[in-house]
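Every number in this text was worked out from the coordinates using simple rules, so none of it is lab data. Just so you know, these numbers come straight off a predicted model, no measurement behind them. A quick note on method: Cβ atoms are made from the backbone with ideal geometry, for glycine too, and the neighbour counts reach across all protein chains shown.
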Amino acid sequence: MSYSKEEIINYRTQKAEEALEEAALLAKNEHWNTVINRLYYACFYIVSALLEKHDLEAKTHAGTKVLFNKHFLKEGIIKKDFGQFYAILFNKRQEGDYEDLQKFERPDIEHYLPKASSFVTEIKNHIPD
């Protein structure tokens with residue numbers, strides 16, 4: 001089954017919003033490694049929606065980050081601090097998901113919740129209807 005470009009963008013945007021909600025719920029139960037995972041994915045999904053809107057396709061998470069940097073950060077369309085934040089989440093998610101004995105705690109992760117929400121909002125503002 002094939003989907004329209006708008007259906008894909010809407011789906012990815014919805015996934016970003018759901019991942020933010022999931023992160024907030026997980027934070028209440030102090031599942032910090034999973035919180036960082038969901039925050040990263042919220043940002044990944046919204047960046048993927050942005051790339052789709054501009055007919056840019058990445059095959060990997062690293063490729064998504066490269067295209068985002070090249071087409072939106074280096075061009076000055078989106079502020080570089082958002083790119084730095086996305087890179088931090090990318091690395092933290094890798095640590096939390098793949099490094100043995102990595103256990104994040106509240107002070108490590110809690111401050112990323114509002115930043116991720118701002119990130120998603122900012123990127124959504126660059127996905128015109």
In segment 82-114, what count of residues is obtained for those that are of a type in the set (Gly, Ala, Ser) and surrounded by 15 or more Cβ atoms within 10 Å (Cβ to Cβ)? 2
The correct count of residues that are touching a residue at least 60 places away in the same chain (Cβ under 8 Å) and among the aliphatic types (A, V, I, L, M) in segment 69-114 is 2
By residue number, the members of segment 115-129 that are buried (at least 16 other Cβ atoms within 10 Å of the Cβ) and without any contact (Cβ under 8 Å) to a residue 24 or more places away in the chain are none
Looking only at residues that are out of contact with any helix residue (DSSP H, G or I) (no Cβ under 8 Å at 6 or more places or on another chain) and part of a helix (DSSP H, G or I) in segment 19-32, which one is surrounded by the fewest Cβ atoms within 10 Å (Cβ to Cβ)? LYS28
